[in-house]
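J.: What follows is a structure written as structure tokens; I'll ask about it next.
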Amino acid sequence: MASLLMISHTSCFSDEVLCLIFDFITSTCDLKNIMLTCRRFLNLIRHRNKLWKLRLSASKEVLDTLESISSLSFPSGKPPLTVMDNLIAGKHSPELLENELLMHIFHPHLKENLTTKFYAEKFLEHVRIHATQRRWQQIESLMHGAVLISQWGLMEEQHLTTYGFVDQILANIADRAQQIVDAEEDLNNPDASTNKMPKTAKEILNCINQVLYRELGFQKYILHKNSTNFTTVVFCIEKVLEMRVGLPLILAIIYYEVAKRMGILCDLVYSPKIFRSFREFSSTPHAFLLRWREYSDKEDANSTFYYNDPCNDGASHRNPPGSYSTVPVKNVFIGLVEHLLSVNVLDWPNQLHFHRLACIIQPDQANSVLKYAKLSKRHGEQLEEAIQLLQRVEGFISNQAIQSLTRECSAKLSKVQAQNAKEKEDIKRRHSLTLKYAVGLIMMHKKKNVKGLQMDRLVVIYSWYCKPRQPVIYNVLFHNGNICDVKEGELELHPAPSAIKHQEIGKYFERFDGRRYIPNAEMKAKYPEDDSVALSLLQSWDESQVTFGSSISLLSEDNKKLTEERKGKKTVSFNLL
């Protein structure tokens, strides 16, 4: 758009005409690029464009919310559900809110605020969950469902896959298969004047097999109980298309979609006899088959069904073992979700995440909500969401199990909130003279492993506690690792500190200044003396290094003089001889 406008001299258009043109632009990113082309466009868009004004309004609302949420959420780091819901229910669209949140997470300013970024990630997840909930209600096809499953599994990423992106890859695969079909026709009918016989469905499917399995090398990935090598990419369709390894269901959907683009309509079917229950997902290669007829465009009850196995190089069966039934689209994906949960390959946060998805796919199923709420109560996470979902279950008033679990979740929520309030009011004073280090300092955790080798790991102190007649204990965040309690004797000030990568760093600190982490307002209030202690320790360290460096320098000079004197003596003695 900008390039088209710049072809003509801008004086050819009045401000009113330019504003009308700009009103057709639906992307704030495009508007920003146009603003950078000249000052006239900059002023017009800033002062008169409705979308840009809306974007600025959304930006201010998001920033104000993020800057105020830490005081409401500390020390748990969990924003109140009402605040997040109010942001979504406001005047700005979820898409606009998502764009603003992404700016805080993936496009920070030079003075990045880690606390703002931390809570932006929480809000982004909530906004995307609501968007997913809306889209699942409109689900129509297997591919739409596969895309939503992928978006859910990779929700924390900057760019989520889209239907259009996956559709283009599948279209490219279909085009390649069509090239093989055309090449075979040309080979069989070299005379262009001869009428070409149309390919049968089986011949077309054979061409698809050649592309998917021989050229691209697609393979199935079978989940087993307690698999240790599980990775989420095996059920994310765009990752499966990239890596060419995936769960049987995802391979079946890819095969189904490519066949559809080549004019062959298939049905995704499964056999209850083979794996007892659809939701248990047997590892047999015949768990999912694609059923088709030679002439799928003709309604003929007597025509023969054929079956292709997408997990066995597309092998064709006329009479596969057992009876096969079609699966409703939503049942396909609730089966996938329950499969992931049943084989115990997810840690509990991801289990909670996918139990939440099960509630979205089938909101009318009380059993899904009960499982989610029980796990939520067990770990004290997402309790507000669990209570909200329980109260929305049909027959809530008459269902004793749901009412009982709702009361238990409410009691757990009250207990957690009371604990957070008590912890927030607990101001940590440095009464103990033995307390050596301070919050925000980057340390080396020095400890030997099981083989007796020294292991120095980068950590940052985010809390401490000391009891009478007991050693001081520091709570630390490990770089790319866990949260742990360590003794003071295991810590040493890091000589060359660097930034720590940890998902909870922003809960406690607002920025990294190159030497230490600066506590946010809530941490400064909780540890009022630690900031000055940390600065004093670093200053003392710097002075000791300067003194040590000076001593080394003087020693070097003395050694140099002594060496020169020795050389001189050697020369004299040599001359005497």
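Since every read-out is calculated from the coordinates, none of them should be taken as a lab result. Note that the structure is predicted; figures quoted are calculated from it, not measured. Here Cβ is always computed from backbone atoms with ideal geometry, including for glycine, and neighbour counts include all displayed protein chains.
J.: Rank the residues V345, V327 as a footprinting-exposure proxy: fewest other Cβ atoms within 10 Å of their Cβ go first.
T.: Details: V345 21, V327 18.
So the residues, fewest neighbours to most, are V327, V345.
J.: How would region 346-424 be classified by its alpha-carbon gyration tensor: rounded, prolate or oblate, with rounded meaning a/c under 1.5 and the a/b versus b/c comparison settling the rest? Please list the in-between numbers first.
T.: Values: a/c = 2.57, a/b = 1.32, b/c = 1.94.
Oblate, since a/c reaches 1.5 and b/c is not below a/b.
J.: Roughly how many whole Å is it from the C-alpha centroid of region 111-166 to that of region 371-428?
T.: Distance between centres, Cα-based: 25 Å.
J.: Over region 427-519, what is the mean sequence separation of C-alpha contacts under 8 Å (at least six apart), divided by residue count, expressed as relative contact order in percent? Don't skip to the end; give the middle numbers.
T.: Details: 165 pairs, mean separation 24.8, N = 93.
Here the relative contact order equals 27 percent.
J.: Which of the trypsin sites (Lys or Arg not before Pro) across region 309-363 are loop residues per DSSP, with 10 or fewer other Cβ within 10 Å?
T.: Details: sites: R318, K330, R356; in loops: R318.
Here the sparse-neighbourhood loop sites are R318.
J.: Which ³J(HN,Hα) values in Hz, rounded to whole numbers, follow from the phi angles of region 84-89 under the Karplus curve 6.51 cos²θ - 1.76 cosθ + 1.60, where θ = phi - 60° and Gly and Pro get x?
T.: 5, 5, 5, 5, 5, 7
J.: Fewest first, what order do S398, S141 take by the number of other Cβ atoms within 10 Å?
T.: Going from least to most buried by this count: S398, S141.
J.: Something else now. Under a straight-distance cross-link criterion of Cα-Cα below 16 Å, which aspartates and glutamates are reachable from K436, leaving out those fewer than 8 residues away in the same chain?
T.: D485, E488, E490, E492, E529, D530, D531
J.: Excluding L154 itself, calculate the net charge of residues whose Cβ lies under 14 Å from the Cβ of L154, where each Lys or Arg counts +1 and each Asp or Glu counts -1.
T.: -4
J.: While we're looking at this one, here's another question. Mind scanning K239/K260; K424/K446; K53/K122; K53/K239 and naming the pairs with a C-alpha gap bigger than 28 Å?
T.: Numbers: K239/K260 21 Å; K424/K446 31 Å; K53/K122 26 Å; K53/K239 37 Å.
Over 28 Å apart, Cα to Cα: K424/K446; K53/K239.
J.: Here is a further query. With a sphere of radius 12 Å drawn around the Cβ of I387, what net charge do the other residues whose Cβ falls strictly inside it have (Lys, Arg +1; Asp, Glu -1)? If you can, show how the numbers build up before the last one.
T.: Numbers: positive: K377, R392, R407, K412; negative: E384, E385, E408.
My count for the surroundings of I387 gives +1.
J.: Could you work out the relative contact order of region 346-424? I mean the mean sequence separation of Cα pairs under 8 Å and 6+ apart, divided by the number of residues, in percent. Mind dumping the intermediate values first?
T.: Numbers: 64 pairs, mean separation 19.7, N = 79.
Computed over region 346-424, the figure is 25 percent.
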